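Inspection log for the structure reproduced underneath, given as structure tokens.
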Amino acid sequence: MSKKLIIACVVATLLPNLASARTQLKNICRIKGQEQNTLRGVGLVVGLNGTGEVNDGPTMRAIARSLEIMGNPVAAPSARQSGLDELKKVKNAALVIVTATVPATGARRGDRVDCFVSAINGKSLDGGRLAFASLQGPNTLDPRVYALCQGQVTVDNPQDPMVGVIHEGCQLEADIITPFHLNGYITLVIDKNHADFQTANEIVYLIRQQLAYSESSDSKLMEEMVHAENAANIRVRIPATSERDPVAFASELLEIQMEEPQTESRVVINPRAGTIVISGDVAIGDVIISHKNVAVEATSAPAFAHIDVDASSAPKLQELVNQLNSLKVPTADMVEIIKGIDRNGKLHGRLIIE
């Protein structure tokens, strides 16, 4: 049995207090209504070099329907099945799912965006061309066609030849408008990584102070003008002076500056990429960790070496990770150690595993 190494992990905050950074609301908020929209549909990729597949019914029907629309039906209605059977020999076509993302600011008819194709059958889309695809909106009950797609498929990753992209291959056939105000109100949506009640309350206070609302002494009126609905949503009434120019008001609103929000302490782990991202203030309780050939004692009192620490200081997770790194402990093992600390209730921060 290998000999275990004992380490005492103690850390103190040695960096001087720095002025809090400032940021604009637009860096941590967005306006409700300004969201990306995904269009989707089914299309047909042709021109494949024997890497397609038409043995299944949906692909054959798609080809037959395409030929019928272009005035060249596969067979007469009475002999349609025999005509479909003839398509089984085709190996240069594949059925694909096509998606396109409309920017949060919307798009106008005639605008072009990239579209992405994913094969339902076949072996590879390399060298193929999307013959056609009509895209509908995210609401499946809406039958309108919002965009048409066609063009040469580019396979970016040879290891994944069943997906590809067509640069500017999607042309909008209908205007997609994303309204940013409703019934005289603008709703700010705080980014999910910053949303909490304290941040929402601070934003409400800043808006009341920096816009004309602070001139009113009526607390009920101020609450009506600006109030937080929850930890992530803040409703702001457009003042009468800005009713004719809500764009300018939205711009002014998003440019308000505030102290950078102090989010909760977090540890973000991505086991697949082998990354561990730790907030600088993540502390841990007194724990003794035994993992394989390493034993770690993390306490608030130094055991083997004298380190000047403040009496209120607690061991920091970053210091523990640094010590484990110095011992060349693999990242996968460090991830398991951090998970164990969290399960014991000794991780003073939120653990996020991606």
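The values are calculated or read from the model by the stated rules, or taken from the named source; none is laboratory data. Just so it is clear, the structure is predicted and the values come from calculations on it, not from any experiment. Backbone-built Cβ (ideal geometry, glycine too); neighbour counts: all protein chains shown.
In table form, for the structure just shown:
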| read-out | value |
| --- | --- |
| Checklist (1) touching a residue at least 24 places away in the same chain (Cβ under 8 Å); (2) surrounded by 16 or more Cβ atoms within 10 Å (Cβ to Cβ) applied to Glu168, failing item | (2) |
| Residue list for segment 149-202, filter: within 20 Å of the chain's Cα centre (by Cα) and among the acidic types (Asp, Glu) | Asp191, Asp196 |
| For Asp245: the one exception among (1) more than 31 Å from the chain's Cα centre (by Cα); (2) surrounded by fewer than 16 Cβ atoms within 10 Å (Cβ to Cβ); (3) in the same structural domain as Leu320 (by TED's automatic domain parsing) | (3) |
| Check on Ile28, more than 26 Å from Ile166 (Cβ to Cβ), at pLDDT 70 or above, outside the structural domain of Gly106 (by TED's automatic domain parsing) and among the β-branched types (Val, Ile, Thr) | yes |
| Per-region count, segment 34-43, residues at pLDDT 90 or above and either of a type in the set (Lys, Arg) or more than 30 Å from Ala62 (Cβ to Cβ) (or both) | 1 |
| Residue match in segment 120-142 (condition: assigned to a strand (DSSP E or B), surrounded by 19 or more Cβ atoms within 10 Å (Cβ to Cβ) and modelled with pLDDT of 95 or more) | no |
| Segments classed as strands (runs of 3 or more DSSP E), wholly inside segment 184-292, with at least 3 members that are modelled with pLDDT of 85 or more and under 23 Å from Arg22 (Cα atoms) | 185-190, 226-228, 233-237, 257-259 |
| Matching residues, segment 282-294, being in contact (Cβ under 8 Å) with a residue 40 or more places away in the chain and either surrounded by 15 or more Cβ atoms within 10 Å (Cβ to Cβ) or among the β-branched types (Val, Ile, Thr) (or both) | Val282, Ala283, Ile284, Gly285, Val287, Ile289, His291, Val294 |
| Residue among Gln323, Gln318 that alone is under 30 Å from Cys29 (Cβ atoms) and either modelled with pLDDT under 80 or part of a helix (DSSP H, G or I) (or both) | Gln318 |
